[in-house]
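To start, the structure under review is shown below, and the notes come after it.
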Amino acid sequence: MTLLSVQNLRAYYQTEVYGISRTVRAVDGVSFDLFPNEIYGVAGESSCGKTTLIKVISGNIKPPLKAFEGSVNYNFGNYKADMLQISQDELRQNVRWKEISYVMQGSMSILNPVRKVIETFRDIVDSHEPIRDTNKFLEQTRIHINRLGLPTDILNAYPHQLSGGASGWQSPWQPYSSPP
Ligand SMILES: Nc1ncnc2c1ncn2[C@@H]1O[C@H](COP(=O)(O)OP(=O)(O)OP(=O)(O)O)[C@@H](O)[C@H]1O
Ligand SMILES: [Mg+2]
């Protein structure tokens, strides 16, 4: 069984600034198949389109990025997803976290630099289901962060205070006095 089939995928950035149109052909005719339990690496020089490919195959296509041609199809067993046609609701309900998760590189551009980690958790959880019980939310967040092998006090840190994940990881910030 093919888990993911990408065929002749073309996804371009189309920008218009001061009346000047530009097209960046970031992903231009990519095809590959991925099978269950397979580890598939994508390597290439900077700006060759790796991140753009990940965006498209994870259903994160937003202007100025547009998929022009090709197909991206998942077969999750009892659920199939066409990532170029799927609705945002379907993505959220059936695919994200349940079938596909990814961690983007670059905490300073991915995480809001002026919000503490706990607030980023709050934003994400709240966007799925309004938080009614703050204590329960905090407890679940602490359990989650501990399951990752991280100390609870990182919830009070800002992204720039976190390590990028180098080996031999050590807490690079001073813990705050109050718990989150
Ligand atoms: N929002 C955007 N608008 C216009 N062009 C973009 C945008 N994002 C990326 N690009 C361009 O698309 C091309 C592919 O970028 P992409 O980020 O996918 O490369 P990458 O292989 O992930 O690079 P790196 O190894 O540096 O992370 C680059 O030329 C980049 O400048
Ligand atoms: Mg990249």
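So which chymotrypsin sites (Phe, Trp or Tyr not before Pro) in segment 37-88 end up in coil per DSSP with only 14 or fewer other C-beta atoms within 10 Å? Could you put the intermediate results ahead of the total?
Details: sites: 40, 68, 74, 76, 79; in loops: 40, 76, 79.
Sites meeting the loop and neighbour criteria: 40, 79.
So between residue 35 and residue 86, what do we pick up on full extension, going 0.36 nm a residue minus the alpha carbon distance?
Extra length available between residue 35 and residue 86 comes to 16.2 nm.
Ranking 58, 46, 87 by Cβ neighbours within 10 Å, fewest first, what do you get?
Details: 58 17, 46 5, 87 9.
Ascending Cβ contact count within 10 Å gives the list 46, 87, 58.
If I take every Cα pair under 8 Å that is 6 or more residues apart in the chain, average their sequence separation and divide by the length, what percent do I get for the relative contact order?
Result for the chain is 18 percent.
Each value in this text was obtained by applying a stated rule to the coordinates, not by laboratory testing. The shown structure was predicted, so the numbers you read here are calculated from the model rather than taken from an experiment. Reconstructed Cβ throughout: ideal geometry from the backbone, glycine too, with neighbour counts over all protein chains shown.
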